[in-house]
Structure formats: C-alpha cells, structure tokens
C-alpha cells in the first residue's frame, strides 16, 4: 500500500476546479460577476470560467498560491481573458487580482480589502467563491479599529492554540467585511459557493464568512477523507479530528487501519519549525510503530516548509528527552524528519484541512 500515492491521488481528485464543476450542474442562473477569496481562489475561478459566462472577477489570494489564468495573471493588475459557458459562446472576462498575507495579515491584505469593497459596491449581482486562507489575505477594519490592531490580534489568535471557529469569531468582531458583512453590501442577487476548510456544516467560518447569503458547499474534509478511504480500501473515522494534538495522536495510535482528517489544535510554545502534521507525526511515533502519513491538503504545514510526514513501519516506539524538548519548543520538524520522510510538494491549490492515513501495524 503506497500511502504517498494515495495522498497525492486524493489531492488530484479533490482539486477545487474539479469540485466546483461537479456541483455546477445542480445550479442555475448564477451571477456573472465573481469575487473569489482564499487559497483556492485562482483554481475556483478557473473552474467556473470553463463552464460559465463570466463578465468580471475580483481575486484575493495569499502569496504563493495558484493565480487564475496562468501566464496572463499578475498581482495588482487587471487583465482580460476568455471564459466559456454552457451557451457555447466565448466571452471576455475582466479579472483583478490582489495578493495578501497569510497566515499573518500584511499591509497588502488591507490594500486588497479596500479594492474588494470598491468592486462589490460597483456590481449589482455577485457570485462569491470562498475558500480557506481568506481571513488573512484580505481585510478591512471595522470603524474604530486600526490596521495595526487587527494585525496584532490576528497574530495572537494564530498562536493561541484555539480551534478555527473561535478564532474566526474573534476576527469577525474587528472586521468590516467578515461575518457576512461583505455579502450584505450587494444590492442584487448573491450566491456563495464554499470550498471548506472548517468544521462540518460551519460554512460561515470559511475565510470568516465574507458572504453568508445563499451558501452552497463545494467540498469539505469529508470529501477528502471519503476519497482517500475509497482509494485505500479502508474505513474512515466518522468525525473530523479537532481535539488537542496529543489526544489526536493517542486516538490514531489505537487504530489498526484508518483514514481520518480534520485539524488538531496545536499551541505554539517556541520558535522552532513545525506544524500540525509534523507534531502529530512525532506524537504518533511515540505510541505506535505503524506505517502512517500525516499531511495537509494545501501542501503547507505550519512553518515547517513541508506538506507533511510519511512514517514507514518501525521496530520500536520512539521517544526521548530530545523529542520532548523539541515538542516543547514547537520544533517538531527536526524530529519528524529523523524518523520519517518529509513530503515536499508545491502549494497544491487544495484546502480541505488535513489528511491522516494509518496502515496496519
């Protein structure tokens, strides 16, 4: 059983441009003006433009992720390209792209926010394409709050170890566009398609919910784990893992063969390198010798520089004072690469939380 091949094939099958076209056949009469936000904004727009007559589009995306339209695209500028809908005719689509920060907010995030509000106010009907990563890459402070205040508070929340729901609840309190406020500015028809990186059924939490009007799910972590379970021929945990990383490692170490997903919570304790998946891999190896894989769906695990970790079968359960010291300093990558193989891929264009594969021991 090749766990790395299962992981990569799962990502390919769950690509946002494919997933949005899969739901498209059930939809009708959607606006031709589009706002695409988040890590998957470029891929989602490309998927829609292949089947829909798009007039104009605004893209807000974190740095390093796939821009729409290939070579024609460039941050901070407008360009035109063809789109093709069900009518069979070709139409000209005008696209504006802004690249902001992630996971930290930057000045570019606020520049994107100001331009986004101008775009929304200039168009009567809008189709929102929302994916994770949008909370940091585009923002407008609520009246009475400053950009510096939002940057500082966002950094505190990221390091807090809180789950994404409570984090986004706090972000919404300071934002003029989160919590449905952006969608409320639209004068006409609104539809909101969501490629979800949050808890099941919590679509309003994706990118902190810029639009909560007429929300439709494109794909979520259940899509990811169901696809992997089919490829692996294994059962999957029925619910996503959202507990502390220590508890998550204990839960997965008890499984004989399983597919799971979600996002365990990790509190940043020091200046080391790592992420949810690298830390989960180390803590799992302290409890089990089974072959396993722990990887992000977007190809980026914290500040580790890797997508995740593949653990081959080992003869002995690991653990030592060195391991404990590394975990205490949030330096899990160093240990994870000693006991397993780092998974190195470019940012995938997916964003459906994490995937965990455990083979028979």
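The values are calculated or read from the model by the stated rules, or taken from the named source; none is laboratory data. Since the model is a prediction, treat every value here as computed from it, not as a measurement. Here the Cβ is made from the backbone with ideal geometry for all residues, glycine too, and neighbour counts use every protein chain on show.
Structural remarks
Conditions (1) more than 30 Å from residue 326 (Cβ to Cβ); (2) more than 22 Å from the chain's Cα centre (by Cα), marked per residue:
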{"residue": "189", "(1), (2)": "yes, yes"}
{"residue": "192", "(1), (2)": "yes, no"}
{"residue": "218", "(1), (2)": "yes, no"}
{"residue": "221", "(1), (2)": "no, no"}
{"residue": "229", "(1), (2)": "yes, no"}
{"residue": "233", "(1), (2)": "yes, yes"}
{"residue": "240", "(1), (2)": "no, no"}
{"residue": "269", "(1), (2)": "no, yes"}
{"residue": "273", "(1), (2)": "no, no"}
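- Any hit, the stretch 111-132, residues being at pLDDT below 95 and within 17 Å of the chain's Cα centre (by Cα): yes
- Considering the stretch 290-300, and only residues there that are modelled with pLDDT of 95 or more and under 17 Å from residue 225 (Cβ atoms), the residue that is surrounded by the most Cβ atoms within 10 Å (Cβ to Cβ) turns out to be 294.
- Any hit, the stretch 215-237, residues being more than 27 Å from residue 306 (Cβ to Cβ), in contact with a strand residue (DSSP E or B) (Cβ under 9 Å, 6 or more places away or on another chain), at pLDDT below 95 and surrounded by fewer than 23 Cβ atoms within 10 Å (Cβ to Cβ): no
- In this structure, residue 75 does satisfy being at pLDDT below 95 and closer than 24 Å to residue 305 by Cα.
- Subset tally (residues that are surrounded by fewer than 17 Cβ atoms within 10 Å (Cβ to Cβ) and within 14 Å of residue 178 (Cα to Cα)) for the stretch 107-116: 1
- None of 206, 282, 259, 198 is assigned to a loop (DSSP other than H, G, I, E, B) and buried (at least 24 other Cβ atoms within 10 Å of the Cβ) except 198.
- Residue check for residue 179: buried (at least 19 other Cβ atoms within 10 Å of the Cβ), in a loop (DSSP other than H, G, I, E, B) and touching a helix residue (DSSP H, G or I) at 6+ places or on another chain (Cβ under 6 Å): yes
- Taken over the stretch 123-134, the criterion of being part of a strand (DSSP E or B) and in contact with a helix residue (DSSP H, G or I) (Cβ under 6 Å, 6 or more places away or on another chain) is satisfied by 129, 130.
Residue-wise test of (1) assigned to a helix (DSSP H, G or I); (2) closer than 21 Å to residue 31 by Cβ.
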| site | (1), (2) |
| --- | --- |
| 93 | no, yes |
| 136 | yes, no |
| 152 | yes, no |
| 162 | no, no |
| 166 | yes, no |
| 188 | no, yes |
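- So residue 326, is it crowded, with 20+ Cβ neighbours inside 10 Å, farther than 30 Å from residue 45 by Cβ and either touching a residue at least 60 places away in the same chain (Cβ under 8 Å) or not assigned by TED's automatic domain parsing to the domain that holds residue 230 (or both): no
- Looking only at residues in the stretch 304-323 that are in a loop (DSSP other than H, G, I, E, B) and touching a helix residue (DSSP H, G or I) at 6+ places or on another chain (Cβ under 6 Å), the one that is surrounded by the fewest Cβ atoms within 10 Å (Cβ to Cβ) is 318.
- Conditions (1) touching a helix residue (DSSP H, G or I) at 6+ places or on another chain (Cβ under 6 Å); (2) more than 19 Å from residue 271 (Cβ to Cβ); (3) buried (at least 24 other Cβ atoms within 10 Å of the Cβ): number failed by residue 287: (3)
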